[in-house]
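Accompanying notes for the structure given below.
The values are calculated or read from the model by the stated rules, or taken from the named source; none is laboratory data. As the structure is a prediction and not an experimental result, all values here were calculated from the model. Here the Cβ is made from the backbone with ideal geometry for all residues, glycine too, and neighbour counts use every protein chain on show. These area figures cover heavy atoms from the full protein model, side chains too; ligands, DNA and RNA do not enter into them. Shrake-Rupley method; radii C 1.70, N 1.55, O 1.52, S 1.80 Å.
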Amino acid sequence: MHGRPRKTLKPEDEAASAAKAEKLQALQSQFLSNHHDRNYSKEALDLNVKLLEINPESYTAWNYRKLAVQHKLADTDSDHDSAKSVLDEELRVVETALRQNFKSYGAWYHRKWVLSKGHSSIDHELRLLDQFQKADSRNFHAWGYRRFVAALMNRSEEDELNYTTDMINNNFSNYSAWHNRSILLSSLLERKVQGFFPKQKALNDEYELVHQAIFTDPDDQSGWFYYIWLLDQTMKIDAPQLISSWPAHGSDVILSRDRCHGDIALSQFHSFRTDSGTFPLILYFSQAVEGVSSATVTVESSFCANNDLIWKPLSTNNSSKAKVWITQVKFPNNRLQTSEAYPVEISIGHSKGIISSSGFHFSYHTQIAFKVCVQSFEKETDKERNEEKISWKDDNFHNYETKSQERSPVASFDRLTISGNHEPTNSEWRTETIASEILLFRELLSEITCKIGKLTLARLLRAHDALLSQSNNKMVHFEEVLTLYADLTKLDPFHSWYYKDEYSLVLLEQVISNWESLLRHCCHYRDLTLSPLGSFVCLRLNNLSLSRIGSIDKLLWVQMLDLSHNELRSIEGLEALQILSCLNLSYNKLGSFTALGPLRLLKSLKVLDVSYNELGSHSIDTTRYLCPSPLSHREENGGNSHEIVTGVDNATKSWDAFLILEGLDLKQLDISGNAIADEQFRSFLVRSLPTLKWLDGELLHRS
């Protein structure tokens with residue numbers, strides 16, 4: 001059993017164990033011979049039974065019995081009684097094995113397989129389950145089998161829910177019963193069964209039940225886990241929602257092909273410089289969806305046709321479902337007047353087709369409206385383009401005016417949300433329920449010290465802030481939440497990284513929760529007219545001890561981001577920042593180029609600093625490659641891909657780097673201070689990144 005230390009065997013126990021092993025080995029040898037010869041005689045099957053009595057976990061032995069059953073059924077010529085006799089014998093064998101070990105996966109699966117044949121009575125099954133559940137009421141194998149039997153018997157989910165109530169009342173520490181209850185209740189709520197819709201009454205009853213368990217024994221985790229699931233049911237909205245976009249609703253976007261100049265500084269949050277003559281439209285949903293296309297999203301403008309737009313999911317694992325979807329809009333400059341602002345309207349939800357992973361349709365008719373104009377500015381010379389570089393030193397940044405009249409790039413979408421396009425379902429009930437639960441658990445924690453209690457209170461406070469922020473854009477409880485996570489880090493050091501991640505997410509939520517707080521982290525980069533990449537604001541989230549990045553949906557406008565001097569081990573989520581041009585990840589804890597995977601999708605990225613991380617300090621997982629080089633699987637690679645990578649003595653350490661960086665149009669890269677950054681690797685980078693001008697602060701002189 002879990003958590004029980006092994007004991008040294010006595011000499012007589014060792015002798016018995018050795019004898020059992022010898023007997024098992026002999027049976028195993030005879031059984032495998034029968035299996036190989038397809039011998040399904042009575043003697044062979046009896047030997048198989050003896051083997052299963054000693055070792056009910058032998059999957060091969062159970063699979064052999066399945067083959068034997070199929071062989072016998074084929075000889076019965078559809079005789080129901082004969083088939084029933086064969087299958088009933090199998091049920092007896094399984095029952096005998098389960099009495100030896102009632103947690104045998106193979107035995108329970110074999111019993112399911114036998115019953116699925118349809119010739120056996122299921123009347124005995126619930127009585128058998130009662131016997132096993134009396135022996136161990138938390139046996140999750142038995143509970144899983146009970147769900148299978150209940151479905152065969154067409155037993156109502158309401159009756160099964162009542163059964164879990166009885167089992168929980170007998171023993172609050174029955175985790176399997178709580179788990180089964182969550183499965184049943186999820187189905188009843190989803191099907192909107194009478195008495196479970198609307199869900200407020202049903203969930204209120206569940207809170208009362210789980211309170212009894214938690215307050216009876218706060219140290220038992222069974223009720224706590226169910227409570228966390230219950231909190232999720234309270235907060236979640238089944239249908240996917242559109243929670244952010246770029247360009248933002250109500251914004252005026254200024255586009256340029258050339259270097260920004262002059263009074264463009266007045267619109268730094270809404271300007272975008274592009275070399276490609278296109279700009280992205282980004283839609284950010286509350287959950288992963290599929291079905292985003294020109295049929296389900298309509299874009300109306302005077303310069304592009306909706307049917308020409310191709311929407312793609314932003315996914316690091318090539319999934320057809322994603323939270324973030326993007327399309328590129330072309331700007332034919334010869335048709336646009338630089339003095340005009342051209343309106344664009346995006347309409348979503350007018351037709352069905354956008355569906356979440358759980359099968360719910362996007363059903364909110366939402367419109368996003370913004371204006372774009374194209375500005376022509378002074379072109380930079382080739383010499384300027386080559387010789388200028390971005391420096392991340394503090395003296396190159398100047399604080400943004402906190403009293404700026406610039407329109408917030410995030411508040412505009414908040415206004416769209418408040419306008420009623422998103423259904424405020426049960427929001428008042430949610431707020432009242434969460435507030436009541438907060439008071440209850442504050443009272444509990446004033447009397448005891450409980451790690452999972454502190455964690456639950458932190459989640460309740462965050463849920464309450466999420467509900468309140470829909471109207472006031474403020475996080476009322478963030479300081480208390482940060483204190484709770486800091487306490488948990490000390491109380492439970494084994495899970496300290498989890499608490500640090502949660503701490504980081506809350507801290508970021510606070511930073512971008514309102515315009516005033518956000519501006520305190522926004523800076524001008526040096527003289528804006530000298531910037532080689534445009535005149536945008538840098539969001540500086542450095543020196544915050546962040547171990548995880550969150551709130552990405554509020555950062556789609558960011559083009560220059562400083563995440564240096566943190567504790568990041570991953571940059572998951574950054575792939576959504578499709579207009580990001582400059583990124584500083586120096587002085588973090590990134591251990592491999594695999595951790596930089598989201599960079600592959602950042603096609604606007606020009607400047608990257610990953611210096612002083614842990615790249616090359618950890619072994620590379622090459623088991624995911626099915627051949628000596630992953631490059632041979634990639635049709636998009638050019639003919640010189642093998643030559644570029646195999647030019648390095650230890651080519652394996654360059655695979656991940658090549659696969660991450662190959663599609664980027666980087667002008668500047670800093671990788672010094674990493675274990676991988678030797679001269680050979682620098683040479684590899686120069687060969688594999690033809691657009692690179694600056695490497696580790698040095699201007700490259702290509703032949």
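What the table below lists for this structure:
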| read-out | value |
| --- | --- |
| Charge tally in the Cβ shell below 12 Å around Lys199, where Lys, Arg are +1 and Asp, Glu are -1, Lys199 excluded | +1 |
| Potential extension, Lys66-Gln212 segment - 0.36 nm per residue separation minus Cα distance | 48.0 nm |
| Per residue accessible area of the range 425-512, 1.4 Å probe, in Å² | 47 Å² |
| Difference of contour (0.36 nm per residue) and Cα-Cα distance, His80 to Lys192 | 36.3 nm |
| Dipole magnitude (debye, nearest 20) for the range 425-512, charges at Cβ of Lys, Arg, Asp, Glu | 160 debye |
| Cα-based Kirkwood hydrodynamic radius, the range 425-512, one decimal, Å | 13.5 Å |
| Residue-normalised accessible area of the range 24-155, given per residue in Å² at a 1.4 Å probe | 52 Å² |
| Listed pairs Lys10/Lys50; Lys199/Lys451; Lys84/Lys117; Lys20/Lys50 exceeding 20 Å between Cα atoms | Lys10/Lys50; Lys199/Lys451 |
| Order by protection proxy (mean Cβ within 10 Å, highest first), peptides 594-600, 298-304 | 594-600, 298-304 |
| Within the accessible area of the range 489-598 (1.4 Å probe), percent carbon and sulfur | 52 percent |
| Förster radius 60 Å - calculated FRET efficiency between Thr96 and Thr431, Cβ distance, rounded to 0.05 | 0.60 |
| Gain upon complete extension [Arg600, Ala305; 0.36 nm per residue less C-alpha separation] | 103.4 nm |
| Cβ-defined net charge surrounding Asn180, 10 Å radius [Lys, Arg +1; Asp, Glu -1] | +2 |
| Estimated distance in nm for a label pair at Leu699 and Glu516, the labels positioned 7 Å out from Cα along Cα-to-Cβ | 4.6 nm |
| Whole-percent carbon and sulfur share, accessible surface of the range 174-236, 1.4 Å | 51 percent |
| Tail beyond 19 Å, pair distance distribution of the range 174-236 (Cα, percent) | 26 percent |
| Accessible surface, per residue, of the range 174-236 when the full set of protein chains is kept, probe 1.4 Å, Å² | 46 Å² |
| Net charge contributed by nearby residues that have their C-beta within less than 12 Å of Lys117 (K/R +1, D/E -1) | +3 |
| Over the range 24-155: Rg over Rh, Cα atoms, Kirkwood Rh | 0.98 |
| Sorted peptide list for 212-219, 149-156, 657-664, 227-234, criterion being average Cβ within 10 angstrom, highest first | 657-664, 227-234, 212-219, 149-156 |
| Per-residue HN-Hα couplings for the range 126-142 [Karplus 6.51, -1.76, 1.60; θ = phi - 60°; Hz; x = Gly/Pro] | 5, 5, 5, 4, 4, 5, 5, 6, 6, 5, 8, 5, 9, 5, 5, 4, 5 |
| Accessible surface of the range 24-155, 1.4 Å probe, proportion on carbon and sulfur as whole % | 48 percent |
